[in-house]
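Here the structure is laid out as structure tokens; the discussion comes afterwards.
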Amino acid sequence: MKRVSCIFWSFIIGLVSLFTFENISDQQSLSSIQISFLILGTILIAFHMYITILLPHSKIKKDLTLKNTLSSLFTMIEVGDEYTGTHSSNVAKYAYHVAKSMQLSDEVCKNIYIGCKLHDLGKIYIPSEIINKPGELSEEEFLMLKQHPLRGYQVVSKIPVFEKTCIPDIVLFHHERVDGKGYPKGLSNEEIPLEARIVALCDAYDAMTTSRSYRIAMPPEKAIEIIKNNIGSQFDPVVADHFFKCFHNVNLKETNSKMSAITLKKTS
């Protein structure tokens, strides 16, 4: 960028020198070469102003909009249900490392992280009596709970900063299964976006290894065994392989909010 700036400012200096020379020599008209140089220099100066002033300002504005949007949505999730907020953060951490292991781009990894933080946004529309029910859900209650991916998608898909990202797909498809028995669309295998397949596994792992009102957390080793037994049916084999490649030692610890969370140590 510094080299480009030097070139642009060289044209500016050239223009100044040109007009200084014209004034000194009292020439009344410019040659075609000088006019061409003047036009080219003017265009380059305008372009330089765009990339140094207007473009960065636009990016800052977009980043600020994204930050404020995420902050508002995260707050809605955490206020709606403290567990969901903690769970979403855990899933985001796991999925980000799996995405990195799969050598996805930095932009996609970032969007996967954001998608995880928002994947259960639709639960704010589900009655808390269902979300926190200590016993087994009735068929009607379960059908209502299964609406949360679509309800969340209806929100994030209308937010301009999420357009052309994987975030809406993660929110909508994180409960799909590779055998086609998931919801809401019953997609299978590669019909399910890769990002959603990553989140689906990490979501299931954290759900199994954290305590809820209706059951206590199971040991991480048992959760891993369940994942292994469901590779090819519920979980994508490639995603599972990278999950196990990334994390091998699982420790349970208490968070500051006194809710259980999983810490996964990265392999060497």
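The values are calculated or read from the model by the stated rules, or taken from the named source; none is laboratory data. Keep in mind that this is a model prediction, so the values were computed, not measured. Neighbour counts are summed over all protein chains in view; Cβ atoms, including those assigned to glycine, are modelled from backbone coordinates with ideal geometry. Heads up: the accessible areas ignore ligands, DNA and RNA and are worked out on the full protein's heavy atoms, side chains in. Shrake-Rupley method; radii C 1.70, N 1.55, O 1.52, S 1.80 Å.
Beta carbons within 10 angstrom, averaged per residue: use that to sort the peptides 203-210, 226-233, highest first. Before the final figure, lay out each step's value.
Details: 203-210: 21.2, 226-233: 14.0.
Ranking the peptides 203-210, 226-233 by packing returns 203-210, 226-233.
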Rounded accessible area of GLU163 (nearest 10 Å², 1.4 Å probe): 120 Å²
Vicinal HN-Hα couplings computed from phi for segment 232-245 (Karplus, 6.51 cos²θ - 1.76 cosθ + 1.60; Hz; Gly/Pro x): x, 10, 8, 10, 6, x, 5, 4, 4, 4, 6, 4, 5, 5
Accessible area (Å², 1.4 Å probe, nearest 10) - LYS117: 30 Å²
19 Å cut-off, amide nitrogen to a point 7 angstrom out along SER157 Cα→Cβ, residues in segment 102-117: 112, 115-117
Residues of segment 208-248 with amide N under 12 Å of the 7 Å Cα→Cβ point at LYS100: 246-247
